[in-house]
1. Give me a count of the residues in the range 83-115 that are exposed (fewer than 13 other Cβ atoms within 10 Å of the Cβ), outside any loop (DSSP other than H, G, I, E, B) and away from ligand 1 (no atom under 11 Å from the Cβ).
2. Going by what's in this entry, would residue 68 be described as at pLDDT 95 or above and assigned to a helix (DSSP H, G or I)?
3. Among the strands (runs of 3 or more DSSP E) contained in the range 1-57, which hold 2 or more residues that are within 14 Å of residue 99 (Cβ to Cβ) and in contact with a strand residue (DSSP E or B) (Cβ under 9 Å, 6 or more places away or on another chain)?
4. Taking residue 66, is it away from ligand 2 (no atom under 16 Å from the Cβ) and closer than 16 Å to residue 84 by Cα?
Ligand code: 5GP
Ligand code: ZN
């Protein structure tokens, strides 16, 4: 999608601090981190939210996304310390970038419930 910020990052048109990348997915550091380690995992193909992925693509797309995220979790050490995954979808959840992304937060105590 031409006017999507995360599509531009996926295409290399906007720089990002990349932690892991393959042909299907990219993991990079959030520009405004909410924890000492704050990663964003995106599929390179544009979908605004998980529920918009067609059934026939769901397994490969989300499997590829989770694989990328897990490689980045291990590369950044969050696999050892613990982490929280968050997906904001839509206005009431506070989604600000309309391209599916998984937040991974760690490196400090994370309150539960999150509020
Ligand atoms: P959302 O609020 O949609 O769940 O999360 C969007 C996230 O994208 C926010 O945490 C925000 O800090 C991050 N973000 C927004 N613009 C940029 C950018 O240009 N680069 C990076 N690395 N992160 C961004
Ligand atoms: Zn996009």
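The values are calculated or read from the model by the stated rules, or taken from the named source; none is laboratory data. Since the model is a prediction, treat every value here as computed from it, not as a measurement. Please note: Cβ atoms are built from the backbone with ideal geometry, for glycine as well, and neighbour counts cover all protein chains shown.
1. Number satisfying all stated conditions: 1.
2. Yes.
3. Values: elements: 18-21, 25-29, 37-43.
Correct list: 25-29, 37-43.
4. The answer is yes for residue 66.
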